[in-house]
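Asker: My structure is below; once you've seen it, I'll send some questions.
The values are calculated or read from the model by the stated rules, or taken from the named source; none is laboratory data. Predicted model, so just to flag it, every value in this text is computed and none were measured. FYI the Cβ positions are ideal-geometry reconstructions off the backbone, even for glycines, and counts take in every protein chain you see.
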Amino acid sequence: MLTGNPSDIAVDSGNGWLYTLDAVNNRVNRFDKDGNLLNSWGSSGAGDGEFLRPSHIALDLDDGWVYVVDAGNHRIQRFDVRGRFLNSWGGKGIGDGQFNNPGPIVFDPFNNWVYVVDRGTTRSSDSTPGVNT
């Protein structure tokens, strides 16, 4: 299992999948329980599905969504498990809905919220999935 420079991992125990973020190659990798690569997505850039230093990952296991902190582009991107881009939110800044060095991310399945630590502003931000804030 080669992943470049892994920056974070997440486990989907129901399906036996392991997700890794490759910060060097700017991509997400999904492996099965035996370590076989199922699929990868992402490349370097600022467009939809592109990353600049992906740093953290969170999973919504009920809906099959993958949240990736795209630290270099100061945003969060949401994908399905096959890597299809769904939406993103954020951007560089200190206002509501903006990030200045986004960090750890958690999906709360009870309230259906995404929480992100914004280290550049020493605050946390929350968002309902699918809504640009």
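Asker: Of (1) at pLDDT 90 or above; (2) among the aliphatic types (A, V, I, L, M); (3) assigned to a loop (DSSP other than H, G, I, E, B), residue 106 satisfies all except one. Which?
Answerer: (3)
Asker: Take residue 45 and tell me if it is small (Gly, Ala, Ser) and closer than 15 Å to residue 89 by Cβ.
Answerer: no
Asker: While we're here: Can you tell me how many residues within the stretch 68-85 are surrounded by 16 or more Cβ atoms within 10 Å (Cβ to Cβ) and part of a strand (DSSP E or B)?
Answerer: Residues meeting the conditions: 8.
Asker: Right, residue 38: farther than 24 Å from residue 5 by Cα, at pLDDT 95 or above and surrounded by 13 or more Cβ atoms within 10 Å (Cβ to Cβ) or not?
Answerer: Judged against the criteria, residue 38 is not a match.
Asker: Examine the stretch 49-57 for a residue that is of a type outside the set (A, V, I, L, M), out of contact with any helix residue (DSSP H, G or I) (no Cβ under 9 Å at 6 or more places or on another chain) and closer than 20 Å to residue 114 by Cα, and state whether such a residue exists.
Answerer: Yes, that holds for at least one residue.
Asker: Another question, then. Scan the stretch 47-67 for residues that are among the small types (Gly, Ala, Ser) and not in a strand (DSSP E or B) and jot them down.
Answerer: 47, 49, 64
Asker: What are the pairs with Cβ atoms under 7 angstrom where one residue, in the stretch 1-27, is farther than 10 Å from residue 55 by Cα and modelled with pLDDT under 95 and the other, located anywhere, is of a type in the set (Ser, Thr, Tyr) and surrounded by 17 or more Cβ atoms within 10 Å (Cβ to Cβ)? Sequence gap at least six, or different chains.
Answerer: As it stands, the answer is 3/20, since those pairs meet every condition given.
Asker: Let me ask something else about it. Can you report the number of residues in the stretch 110-133 which are farther than 18 Å from residue 49 by Cα, under 16 Å from the mean Cα position of the chain (by Cα) and either exposed (fewer than 12 other Cβ atoms within 10 Å of the Cβ) or modelled with pLDDT of 95 or more (or both)?
Answerer: Of the residues in that region, 1 qualify.
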